[in-house]
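Worksheet: one structure, shown below.
The values are calculated or read from the model by the stated rules, or taken from the named source; none is laboratory data. Bear in mind that the values here come from a model prediction, so they are computed numbers and not experimental data. Because the Cβ atoms are built from the backbone with ideal geometry, glycine has one as well, and the counts that use them run over all protein chains shown. Note: areas computed on protein heavy atoms with side chains; ligands, DNA, RNA excluded. Shrake-Rupley method; radii C 1.70, N 1.55, O 1.52, S 1.80 Å.
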Amino acid sequence: MRRLVTTFALLPSLLFTSVAQAQELVFGFGHADFLAEQADDGAYLSADYLGTRDWRLLGFDAGLGVTAQVHETGDIFLGGGLQAQRDLGRRWFIEASVMPGAFFEGEKANDLGSTFEIRSLVGIGRELRGGRRLSLAFTHISNASIGDQNPGLNAISLRLHVPLRHRARN
């Protein structure tokens, strides 16, 4: 638990953009499935800071973001990279991100093959009243076979998106 609090306390220092320009904070709770047989699966918490999405990329609004993911077994992933969302209408949206970073296993059995890992995410969500949004996301963490092994990690999470400034709806 102490590691979890420390990681979330350090998150603001990892930000790529100023808080005044921030789009939203995203808090997640989910279950991780390590693909290695000997690994310990379990619950995890995540926190993302998603900066302003002021680029267009393949029909998505895109920007930079950072993430922290802490597993009940003590594993930690910290990363940053590209995040994007697309409005589907009627308050629905899809989200995606690719965030390279560092993975630190809490247990030897949860070794993913290298410290360098890449987290990819895809999710679907719905806007709630008051500007908050809820999404269901699937993530995959892998070292893209550059490590001595690449068992990978799949996870599913429920995510609460909290805007840091009001977003006007089109």
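Per the conditions (1) under 14 Å from the mean Cα position of the chain (by Cα); (2) surrounded by fewer than 17 Cβ atoms within 10 Å (Cβ to Cβ); (3) acidic (Asp, Glu), the sole criterion not satisfied by GLU107 is (1). The single condition among (1) in contact with a strand residue (DSSP E or B) (Cβ under 6 Å, 6 or more places away or on another chain); (2) modelled with pLDDT under 95 that ALA36 does not meet is (1). For the structure I just gave you, tell me whether SER114 is closer than 17 Å to ASP48 by Cα and among the polar types (S, T, N, Q). Against the criterion (closer than 17 Å to ASP48 by Cα and among the polar types (S, T, N, Q)), SER114 does not qualify. Residues in the range 124-139 that are open to solvent by 10 Å² or more (accessible area, probe 1.4 Å), of a type outside the set (A, V, I, L, M) and assigned to a strand (DSSP E or B): ARG126, GLU127, PHE138. Of the residues making up the range 113-123, just one is crowded, with 18+ Cβ neighbours inside 10 Å, of a type in the set (Gly, Ala, Ser) and not in a loop (DSSP other than H, G, I, E, B), namely GLY123. If you take the residues in the range 140-161 that are assigned to a strand (DSSP E or B), open to solvent by less than 30 Å² (accessible area, probe 1.4 Å) and in contact (Cβ under 8 Å) with a residue 60 or more places away in the chain, which one is nearest to GLN38 (Cα to Cα)? For the range 140-161, the residue satisfying everything is LEU153. For the range 29-51, residues that are open to solvent by 30 Å² or more (accessible area, probe 1.4 Å) and assigned to a loop (DSSP other than H, G, I, E, B) total 5. The set of residues from the range 89-104 being touching a residue at least 12 places away in the same chain (Cβ under 8 Å) and surrounded by fewer than 22 Cβ atoms within 10 Å (Cβ to Cβ) comprises ARG91, TRP92, PHE93, ILE94, ALA96, VAL98, PRO100, GLY101, ALA102, PHE104.
Kindly indicate whether ASP75 is charged (D, E, K, R), over 16 Å from SER135 (Cβ atoms) and surrounded by 20 or more Cβ atoms within 10 Å (Cβ to Cβ).
Details: charged (D, E, K, R): yes; over 16 Å from SER135 (Cβ atoms): yes; surrounded by 20 or more Cβ atoms within 10 Å (Cβ to Cβ): yes.
Spelling it out, ASP75 is indeed charged (D, E, K, R), over 16 Å from SER135 (Cβ atoms) and surrounded by 20 or more Cβ atoms within 10 Å (Cβ to Cβ).
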